[in-house]
1. Please give the contour-minus-distance gain from Glu231 to Lys103: 0.36 nm per residue of separation, less the Cα-Cα distance, rounded to one decimal in nm.
2. For Lys46, go through the lysines and keep the ones whose alpha-carbon is under 23 Å away, minus same-chain ones fewer than eight residues off.
3. Based on the Cβ-Cβ distance from Arg135 to Lys249, what FRET efficiency comes out when R0 is 22 Å, to the nearest 0.05?
4. Which Cα, out of Asn196, Tyr125, Pro98, lies furthest along the positive dipole direction of the stretch 69-228 (beta carbon charges, K/R +1, D/E -1)?
5. Which ³J(HN,Hα) values, rounded to whole Hz and listed in residue order, are derived for the stretch 68-77 from phi using the Karplus coefficients 6.51, -1.76 and 1.60 in 6.51 cos²θ - 1.76 cosθ + 1.60 with θ = phi - 60°, glycine and proline given as x?
6. Can you compute the FRET efficiency between Lys212 and Ser336 using 1/(1 + (r/R0)^6), with r the Cβ-Cβ distance and R0 = 35 Å? Round to the nearest 0.05.
7. May I ask you to sort His241, His349 by Cβ crowding, counting other Cβ atoms within 10 Å and putting the fewest first?
8. Sticking with the crude label model, points 7 Å out along Cα→Cβ, report the distance from Met364 to Glu344 in nm, one decimal please.
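Each value in this text was obtained by applying a stated rule to the coordinates, not by laboratory testing. The model shown is predicted, which means the values in this text are computed figures rather than measured ones. Heads up, the Cβs are rebuilt from the backbone with ideal geometry, glycines too, and the neighbour counts pull from every protein chain shown.
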Amino acid sequence: MRKIANKAYKFRIYPDAEQKVLFAKTFGCVRFIYNKMLSDKIEYYKLTGEKLNNTPAQYKAEFVWLKEVDSLALANAQMNLQKAYNNFFTNPKKFGFPKFKFKRKSRNSYTTNNQKGSVKIENGYLQLPKTGLVRIKQHRNIPADYQIKSVTVSMTASGKYYASILCEYENQVQQTELHTFIGLDFSMHELYKDSNGNEPAYPRYYRQSEKKLQKAQRKLSLMTIGSANREKQRIKVAKLHEKAANQRKDFLHKQSRQITNAYDCVCIENLDMQAMSQTLHFGKSVSDNGWGMFTEFLRYKLEDAGKMLVKIDRFFASSQTCSCCGYKNPATKDLSVKEWICPECGTHHDRDVNAAINIRNEGMRLVLA
């Protein structure tokens, strides 16, 4: 089956001093035009009760310095705002009203499009509009038949620069016949337990670095705001957070790749991780676990391989049902019950492994029905 697909390549970039200044200016202009346009939309709606369709071009006469940066970066900021604005009016309960961007709280990034070869990679350099050639650490090659659509330049809290290059290509996926199935049950500590009784022994990277983070953040809080030493300490804290995040992402990529290579169909529960992360007792553990990121990695890897990810309804009683005879044990609603014996058939169950088996069986039923 042929289809048009997108794939992103993320590379570390090393701008020189002049390019860093231009990046900072572009980040600021993108943030400014987003906030200015949002402010004008709000004022116009208050006066007329109608939506305002404004564009970055109409502000360039008043704010001449907007002409110094890539116009497509401003256009993409407008598109992002318009999408968020329309989403709110379409479904205000699901989509909140667009928020203003703050310099110290917002992510520093901008997106530009490839027009007539304005974005390209050659000889270890990335060419960008207005910026020119930026040195890049290219750890993999983009195939010649891939077409570069856009690039997002971002700066992390620790001052590192990255370019995420979005490519479009024609993908020919050979659908795999589903022979091997596995069920994964979410586990707070081990990431998951599968229907074969295995677990990945997740290292919990944030918890490992928590003491270092507490010490570094305590030191940061005592420093004078605006001082050079405070900025140095802020970067140290940011690097600790980045290291834990990178370790987690690396682990999840490897686990999802192993599962994709070994099985044709993976069955999981469709959990509301955002609601779980907001609970008092599980917030840090859910964030450190990265289950949502893991399932997203699984989804696109399986799709690329012509395989399938099946999501079971979150209200399916996977933990309460005996995987051997189907008896529902209400005692297992208590989360502290880790092992139980089925009163009906006498089978001894590990709570999570039993749930994973039920998830696998339900997934097989849905797919093969």
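1. Values: separation 128, 0.36 × 128 = 46.08 nm, distance 1.49 nm.
Extra length available between Glu231 and Lys103 comes to 44.6 nm.
2. Cα-Cα hits under 23 Å: Lys36, Lys83, Lys93, Lys94, Lys99, Lys101.
3. 0.40
4. Comparing the listed Cα positions along the dipole, Pro98 ranks first.
5. For the stretch 68-77, the Karplus-derived couplings read 7, 10, 4, 5, 5, 5, 5, 5, 5, 4 Hz, x marking Gly and Pro.
6. 0.65
7. By the 10 Å Cβ count, ascending, the order reads His241, His349.
8. Calculated label separation equals 1.7 nm.
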